[in-house]
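Nothing in this text is a laboratory measurement; each read-out follows from the coordinates by a stated rule. All values derive from a computational prediction rather than experimental measurement. No Cβ is skipped: glycine too gets one built from the backbone with ideal geometry, and neighbour counts run over all protein chains shown.
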Amino acid sequence: MQRRHFLQYSLTAAGTIALAGRAFAAPTKPGVLKLCSQESRLPGASLKEKVANLEKWGCAGLELGGDPASRIAEVKEALKGTNIRISALCWGASKGDLVSMDLDKRKAGIAALKQALDTAGELESTGVIFVPCFNKQSELAPAELDKILWDILPALGDHATKAGTRVLLEPLNKGETFYLNRIEQAAAICRKIDNPGICLMGDFYHMAKEETSDAAAFTAGFRWLHHVHLASRVRWLPGQDKLKEPEQPERSFVDGLRALHQLGYQDYCSLECGVAKGTDPWVAIPAAFDFLRAQWAEAIKPA
Ligand code: MG
């Protein structure tokens, strides 16, 4: 069976979404577009100013890098009285320590991720983004990495749930990792672990390189999908591809956003990207949010 066909989904008359022979319950409410940005992407002299700008630009969330354990008071103060909430912590791989064959390194990596989960819980974050390993961080074969994750993720999932948050597995393109490249691969791990604290996310930049269809990918992983990263094909702000490659079509988000709407996605879509050289972030970032809102309007337009 061809993969494209295997992953095709459709809204059926019965109000369920059929995928590969399984049926997902239809969403109780339609998906929403909650725009968000990584802190490091934003201009502004202080966290408070960045949060105020996000609010002015009609956003709902802020994504923080690493484990901001030492900044909890600063973050809470910056959010106070605003509509902005913490979406996710972009934590990463800790050099692949969690899947290291050096058990001391693995133990330290697990402890560090647990600490980040505690911080995420304290900040009411959707989750902590975890990449098992980047390229060159592990010599193990994918099947061996699977076994390590099956071993370590149940306890991490329990820790996340107790903290009120989640581990979010992030698939990356092959230029960044040989291991998890597509949402369906992360979904297979989530399905195997079957723990509410072990979920996944999607990144439109990596998806453009690795997925056959944004809609099919989101559908395959939707049961566990709790965060989305936004970037253009060249990893600039959405809508800026033409500034680098004027002859190529602009990366479209419409199919993916339509799926998020139909599936009932309620979490954040966050900028993780560069800004085109020569463009002013104070102008280009709100323009990118406007571009995304226009793509969303196109996506949810009745057929
Ligand atoms: Mg990403």
Of Lys48/Lys277; Lys56/Lys244; Lys50/Lys80; Lys95/Lys162; Lys136/Lys174; Lys34/Lys95, those spanning more than 19 Å from alpha-carbon to alpha-carbon: Lys48/Lys277; Lys56/Lys244; Lys95/Lys162; Lys34/Lys95
Peptides 52-62, 145-155 ordered by average Cβ neighbours within 10 Å, highest first: 52-62, 145-155
Residue exposure sequence - His206, His226, His261 - by fewest surrounding Cβ within 10 Å: His261, His226, His206
Net charge, Gln248 excluded, C-beta distance under 13 Å - Lys, Arg +1, Asp, Glu -1: 0
For the chain, with +1 on Lys and Arg beta carbons and -1 on Asp and Glu, the positive-most of Ser232, Val99, Ala69 along the dipole: Ser232
Computed helical MRE - 222 nm, the chain, DSSP H runs ≥ 4 contributing -39500 (n - 2.57), nearest 500: -12500 deg cm²/dmol
Stokes-Einstein D for the chain, Kirkwood Rh over Cα pairs, 25 °C, 0.890 mPa s (µm²/s): 124
Local electrostatic count, Asp267, Cβ distance below 14 Å [Lys/Arg +1, Asp/Glu -1]: +1
Gaussian network model of the chain, springs between alpha carbon atoms under 10 Å - residue of Ala116, Ala186, Ala73 with greatest fluctuation: Ala73
